[in-house]
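Trainee: Please read through the structure below; I'll follow up with questions.
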Amino acid sequence: MFRFAIDPFSFFIGFITASVFWLLVSRARPLWHELRTNLKEQREVAQTRKSSSVEENHRRITLRRAQGMHIAAQLFALDEIILEPLLIMPPARVEPGTPPAFEDVITQTLPYLPSWPEIAAAYHAPTLTLSQALSGNSNIVIVGQPGIGKTVSLAHLASLAANRSETLEGLKNVVPFLVHVADLKLPNTDPKDALAPLIEAASEHAPMFDIGRLPNFFQQTFKSGNALLLVDGFDEIPPESQQVVTEYFKIVQQNYPLARIVTTGAPEYLDGLIGLGFAPLALIAWSGQQSEKFIRRWGELWSQTIAMESWAQTGPEQVDPILLNVWLSADNANLTPLELTLKAWGAYAGDSLGSHTLEAIATHIRRLAPANTPLAALETLGMQVMLNAQPIFDTRKARDWVKSFEVVEEKTEDETADQPVEGSTEKTKPKKGKANQKVVSTPTSGLLGKMAASGLLVHYPNNKMRFAHPVFAGYLAGFALTNYNTEEVLVNQPDWSGKYLAMRYFAARGDASKLVQNLLETSSLPMHRPLFAAARWLRDIPKDAPWRGKLFSALAAILQTDGIPLSLRGQAMAAFVVSNDAGAATLFRQLGLTLSFELVQLAVLGTGALRDTKAVKFVEQTMDAPSLSVRRAACMALVAIGSNEALEAVAHTLLNGDEDIRRAAGEALANDPHEGHAMLRDGILLSDILLRRAVVYGLGRINEEWAIEMLKKSQIEDDQWIVRNAATEVLDSKLHISTRAPRKLKTPSESPWLIEFASKHGMGISPGVPATDILLLALQGDDPDTRLAALPYLKFTPSEGVITKLYAAMYRDDPELREAAYNTLWEIGLSGTKLPHPSQYGFG
């Protein structure tokens, strides 16, 4: 047995050493913690610095790209020429138990017509800026006809975000990711890596040293909810391709629910976007005042920049800009921004082929086409794009489409040895100084390459191309199709913007009788999409087209049908206005004599939109109608006509009418920036209380500083509470305009009004369940607010039972419910659901 003796001295030394060691360790622990924290912070700062560098480069690249995304990019930067894009304010969403939204004379009288924004422009309907529209929490699809400015809207929004504009308010620090659908390699092969297509697209433009850092930058930005994804071109592609993009949006939303998405859409079809919660907002057309403002700006910029170029100085003598502007302003009714831009460009450049819109388009295509390129080659390419429904086409296929037009030139074998061309042929030809020298006949750099270099086509990775604007493809296709019997191919295609563009320009030059007959036969309630699509052609077709009368007859029948929504009948009215047909004014004057108040209301609105000075007496007589809606429409129409006689009639109403019509007159006068505004300035100083109250509501519709100052002064200093209250009401509506921005619906199980409604009926709502039965019960209830509040939910479950109840609501004797139900059906139809005729369910 062993015994170990412990040396007391050694034990004491070891104890002291260990105690000192652990004392030092405990004292150093905070230092170690601080060191680790400092190292972590240094790593984070370094990472942030790297990310910041990548972000700043990304913002700069996005801004540069956005400033070039408009048709006149070779002349001016976007910020130099742009008029701020505005979106038609959608109808207010009703929430039971909350105060109703503020409404003015326009929203109370004018039907909601997102497919015909020209009427909203004629009456200066309330609008949202892009920043205001984003202040909600909903993803947005900007809808509109080709050429109305959807791409420019995205570019403008990208520029604001890239510059951290204060106008974005709470979103000023978002990072814009601006792409065209052609940039994206879809479908995405790895749903877990949702950002891969975006990263790959960004890599094409990023600095070389940033490419490796992009994945981390994208991940951080999308996870933090700081990403604003702007996707152009969704409106240009057919439904099959839209489904692929929609599926990608779904993947992005699932992986990054905080990211915001804004895309573009056509009024005909938005495959799947409504179901994903996207809110469709229509771009408003340019009013006459805005068109004149654009023309002046174009003239100023041209004179300051382009006219100073050496080639312009040595060319023909420049026409006085004042004369050009007068000519341009004389005939620009219902032109899209694209059409007005091309018309102004042709006038100032002196190369215009004529004054017609079609000639303005032809001039620009000629301007962009490579030298010595046959027009037939361009038309063939456009036709093949449309017939194959491939707006984004494979360059290898496209070469086959136009190979017969390739220009062939001769080069020696040595010159082409390093550049073999597939399909080239060889022949022996003597040449001076080199007997029997072999010469190769080969295409030049290629017709498609020349079109891309000239700007007519845009090239993308993966051998993809598209026309610089879908209108150019549609124009060329339509003119080419006049030489072929291919109407049936277009008719059998699913609805997409390219199909209708090709039809439109075909109708402008060829005999579209078969097309029109087919569209009329397939057009039916509740939407009549084929008919209204064909109605867009009326402006450009020959006046003696044999089918012109058929379209007008069909439109007139819808316009005069009582019992259907004003939003549907209003589209027929709008079609007459936009057609620029001389007979439309006569028709409206005749319809204004009927006994149907709704028809008189629409006829009066159509008369004002046409600015028919011959109808002033007729419109003035309707001011005595028993219907307040008709009287309001009369005030709006007289101000739109704008003659001295018309404005005097409104002024008389403002001074002598009853309370309601005085307010309508005051709000209508806000649409006239000259005489109307002057009347309001003077009216606020008069002693008549009801007059001042009406003027306050009129000032509320003027978005200028002087008007706001007058409202604030009335709010504080007016000696009548009724005037002060009116001023407070309109100022509050301006302050809370963001509440009209689209917002995501609360889930049924979290909606207070729906929970209360269900409990009153002894029912419950389970989380994750659409609660369709309860919503249908609410739709059929007696409370107006509850009926209206149920509609936005029902568009997500468009079953046959739901559609039946929506038809029942649309034909109910409740104008507000009727219009809301129709708008819900419009969104359901946009999402791809085929809506049966109401007669299947005993309606219509």
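Trainee: Among the residues of the stretch 395-402, is any outside any loop (DSSP other than H, G, I, E, B), modelled with pLDDT under 95, out of contact with any helix residue (DSSP H, G or I) (no Cβ under 8 Å at 6 or more places or on another chain) and open to solvent by less than 90 Å² (accessible area, probe 1.4 Å)?
Mentor: Scanning the stretch 395-402, I find no residue that is outside any loop (DSSP other than H, G, I, E, B), modelled with pLDDT under 95, out of contact with any helix residue (DSSP H, G or I) (no Cβ under 8 Å at 6 or more places or on another chain) and open to solvent by less than 90 Å² (accessible area, probe 1.4 Å), so the answer is no.
Trainee: What number goes with the only condition from (1) in contact with a Ser or Thr (Cβ under 9 Å, 6 or more places away or on another chain); (2) farther than 30 Å from Leu794 by Cα that Ile716 does not pass?
Mentor: Looking at each condition in turn, Ile716 falls short on (1).
Trainee: When the stretch 576-594 is examined, which residues are found to be touching a residue at least 60 places away in the same chain (Cβ under 8 Å) and among the β-branched types (Val, Ile, Thr)?
Mentor: Our first condition is that a residue be touching a residue at least 60 places away in the same chain (Cβ under 8 Å); within the stretch 576-594, this holds for 577-578, 580.
Selection gives Val577, Val578.
Trainee: Now for a separate question. Any chance you could count how many residues in the stretch 533-578 are assigned to a loop (DSSP other than H, G, I, E, B), over 28 Å from Pro815 (Cα atoms) and open to solvent by less than 40 Å² (accessible area, probe 1.4 Å)? If you could, list the steps in order and put the result at the bottom.
Mentor: Initial filter on the stretch 533-578 (assigned to a loop (DSSP other than H, G, I, E, B)): 536-547, 560-565.
Next, from what is left, pick out any that are over 28 Å from Pro815 (Cα atoms): 537-547.
The next check asks that each one be open to solvent by less than 40 Å² (accessible area, probe 1.4 Å); those that pass are 537-541, 545, 547.
Total satisfying the criteria: 7.
Trainee: Related question: Failed condition for Gln493, given (1) in a loop (DSSP other than H, G, I, E, B); (2) out of contact with any Pro (no Cβ under 9 Å at 6 or more places or on another chain), with all others met?
Mentor: So Gln493 meets the others, but not (2).
Trainee: Still on this model: Which residue pairs have Cβ atoms under 9 Å apart, sit 6 or more places apart or on different chains, and have a first residue in the stretch 448-463 that is at negative phi and loosely packed, with under 15 Cβ neighbours inside 10 Å and a second that is of a type in the set (D, E, K, R) and outside any helix (DSSP H, G or I)?
Mentor: Pro461/Lys185; Pro461/Glu204
Trainee: Going through Ala369, Ala307 one at a time, which residue ends up being more than 30 Å from Ser579 (Cα to Cα), in contact with a helix residue (DSSP H, G or I) (Cβ under 9 Å, 6 or more places away or on another chain) and open to solvent by 20 Å² or more (accessible area, probe 1.4 Å)?
Mentor: The unique qualifying residue is Ala369.
Trainee: Kindly provide the set of residues from the stretch 71-109 that are closer than 26 Å to Lys343 by Cα and open to solvent by 30 Å² or more (accessible area, probe 1.4 Å), ordered by number. Before the answer, list the steps.
Mentor: Keep residues of the stretch 71-109 that are closer than 26 Å to Lys343 by Cα, which gives 71-88.
If the condition is that a residue be closer than 26 Å to Lys343 by Cα and open to solvent by 30 Å² or more (accessible area, probe 1.4 Å), then Ile71, Ala73, Gln74, Leu75, Ala77, Asp79, Glu80, Glu84, Leu86 are the ones that fit.
Trainee: Any idea which of (1) open to solvent by 10 Å² or more (accessible area, probe 1.4 Å); (2) closer than 30 Å to His364 by Cβ; (3) aliphatic (A, V, I, L, M); (4) assigned to a loop (DSSP other than H, G, I, E, B) is the one Ile61 doesn't satisfy?
Mentor: Here Ile61 meets the rest and fails (4).
Trainee: Still on this structure: Would you please name the residue that is most open to solvent (accessible area, probe 1.4 Å), looking only at residues in the stretch 229-267 that are hydroxyl-bearing (Ser, Thr, Tyr) and in contact (Cβ under 8 Å) with a residue 40 or more places away in the chain? Lay out the reasoning, then the answer.
Mentor: Residues of the stretch 229-267 hydroxyl-bearing (Ser, Thr, Tyr): 241, 246, 248, 256, 263-264.
After this cut, where a residue has to be in contact (Cβ under 8 Å) with a residue 40 or more places away in the chain as well, the list is 241, 248, 256, 263-264.
On the way: Ser241: 48, Tyr248: 5, Tyr256: 17, Thr263: 0, Thr264: 0 Å².
For the stretch 229-267, the residue satisfying everything is Ser241.
Trainee: Still on this model: Which of the residues that make up the stretch 148-169 are open to solvent by less than 10 Å² (accessible area, probe 1.4 Å) and assigned to a loop (DSSP other than H, G, I, E, B)?
Mentor: Of everything in the stretch 148-169, nothing turns out to be open to solvent by less than 10 Å² (accessible area, probe 1.4 Å) and assigned to a loop (DSSP other than H, G, I, E, B).
Quick grid of which residues meet (1) farther than 15 Å from Ala362 by Cβ; (2) at pLDDT below 95; (3) among the aliphatic types (A, V, I, L, M); (4) open to solvent by 30 Å² or more (accessible area, probe 1.4 Å):
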site	(1), (2), (3), (4)
Ala473	no, no, yes, no
Gly478	no, no, no, no
Leu490	yes, yes, yes, no
Asp495	yes, yes, no, yes
Lys499	yes, no, no, no
Ala508	no, no, yes, no
Ala512	yes, no, yes, no
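Trainee: Over 30 Å from Glu309 (Cβ atoms) and open to solvent by 20 Å² or more (accessible area, probe 1.4 Å), is that true of Tyr123? Full working, then the answer.
Mentor: Details: over 30 Å from Glu309 (Cβ atoms): yes; open to solvent by 20 Å² or more (accessible area, probe 1.4 Å): no.
Spelling it out, it is not the case that Tyr123 is over 30 Å from Glu309 (Cβ atoms) and open to solvent by 20 Å² or more (accessible area, probe 1.4 Å).
Trainee: Same structure again: Out of all the residues in the stretch 595-618, is one or more open to solvent by 20 Å² or more (accessible area, probe 1.4 Å), closer than 20 Å to Ala820 by Cα and without any contact (Cβ under 8 Å) to a residue 12 or more places away in the chain?
Mentor: No; the residues of the stretch 595-618 include none that is open to solvent by 20 Å² or more (accessible area, probe 1.4 Å), closer than 20 Å to Ala820 by Cα and without any contact (Cβ under 8 Å) to a residue 12 or more places away in the chain.
Trainee: Please specify each residue of the stretch 316-343 satisfying the condition of being of a type in the set (Asp, Glu) and open to solvent by 80 Å² or more (accessible area, probe 1.4 Å).
Mentor: Filtering the stretch 316-343 for residues of a type in the set (Asp, Glu) gives 317, 320, 331, 339.
If the condition is that a residue be of a type in the set (Asp, Glu) and open to solvent by 80 Å² or more (accessible area, probe 1.4 Å), then Glu317, Asp331 are the ones that fit.
Trainee: In this structure, does Glu675 turn out to be under 15 Å from Ala122 (Cα atoms) and touching a residue at least 12 places away in the same chain (Cβ under 8 Å)?
Mentor: Working: under 15 Å from Ala122 (Cα atoms): no; touching a residue at least 12 places away in the same chain (Cβ under 8 Å): yes.
In short, no.
Trainee: Same structure again: Can you confirm whether the stretch 213-230 contains a residue that is closer than 26 Å to Ser831 by Cβ, in contact with a Ser or Thr (Cβ under 9 Å, 6 or more places away or on another chain) and in a loop (DSSP other than H, G, I, E, B)?
Mentor: No: the stretch 213-230 contains no residue that is closer than 26 Å to Ser831 by Cβ, in contact with a Ser or Thr (Cβ under 9 Å, 6 or more places away or on another chain) and in a loop (DSSP other than H, G, I, E, B).
Trainee: Can you tell me which residue in the stretch 176-227 is nearest to Gln254 (Cα to Cα), limited to those that are in contact with a Pro (Cβ under 7 Å, 6 or more places away or on another chain) and open to solvent by 40 Å² or more (accessible area, probe 1.4 Å)?
Mentor: At the first step, the residues of the stretch 176-227 found to be in contact with a Pro (Cβ under 7 Å, 6 or more places away or on another chain) are 184-186, 188, 199, 204.
The next check asks that each one be open to solvent by 40 Å² or more (accessible area, probe 1.4 Å); those that pass are 185-186, 204.
Details: Lys185: 19, Leu186: 17, Glu204: 26 Å.
Among those that are in contact with a Pro (Cβ under 7 Å, 6 or more places away or on another chain) and open to solvent by 40 Å² or more (accessible area, probe 1.4 Å), it is Leu186.
The values are calculated or read from the model by the stated rules, or taken from the named source; none is laboratory data. Values in this document were obtained by computation on a predicted structure and should not be read as measured data. Cβ sites come from the backbone with ideal geometry, for glycine too, and all protein chains shown count toward neighbours. Calculation scope for accessible area: heavy atoms of the full protein, side chains included, ligands and nucleic acids excluded. Shrake-Rupley method; radii C 1.70, N 1.55, O 1.52, S 1.80 Å.
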